[in-house]
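What follows is one structure encoded as structure tokens, with my remarks underneath.
Since every read-out is calculated from the coordinates, none of them should be taken as a lab result. For clarity, every value in this text was computed on a predicted model and none was experimentally measured.
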Amino acid sequence: MILKREVWGLANRAERVRFARYILVGVLTFGLFITLSCGLPVASGMPPPMATAMAFAVSGAFNYVAHRLYTFQSTKMVGSSLPRYLLLLGTNSAFGSAFVGATTSWLGMSVLSANLICGVAVTLLSYVVMRYVVM
């Protein structure tokens, strides 16, 4: 019941600050991703798929380092937390693709709605996983 403990943990001031930092880093990561994936093709003529791949790598690295140093102030060795972070990213990607595919084709949900619901769920669950398993 880690999730239940985490929800009640948000009543704790330190946990609320940590969660706010988590959201802030997420917003900054998203801004970096959008800036690079949309800006590189315009500024350098880079093909959009290449720009998106580069933006994903750069924003993913930023996200890991910012959460490690700022959000969770982790003291775990990079060698133990980085593989778990990468596994979490892969799991989130697979879950997100499956969720959006299923809800749009079987339930007739719009892509935007499916992605919004999935994004909120993945964000909340990832916080718990990053807090107790990754970092």
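When every Cα-Cα distance of the stretch 76-135 is counted in 10 angstrom steps from zero, the calculated P(r) takes the values 23, 43, 23, 10, 1 percent. Equivalent ellipsoid of the chain: semi-axes from √(5λ) of the C-alpha gyration tensor, largest first, are 26, 21, 14 Å. Within the chain, helices built from complete DSSP H runs that reach 20 Å or longer along their own axis (Cα positions) and carry a mean Kyte-Doolittle hydropathy of 0.0 or higher are 13-44, 48-66, 78-105, 111-129. Per residue, the average separation of C-alpha pairs within less than 8 Å and at least 6 apart gives the chain a relative contact order of 25 percent.
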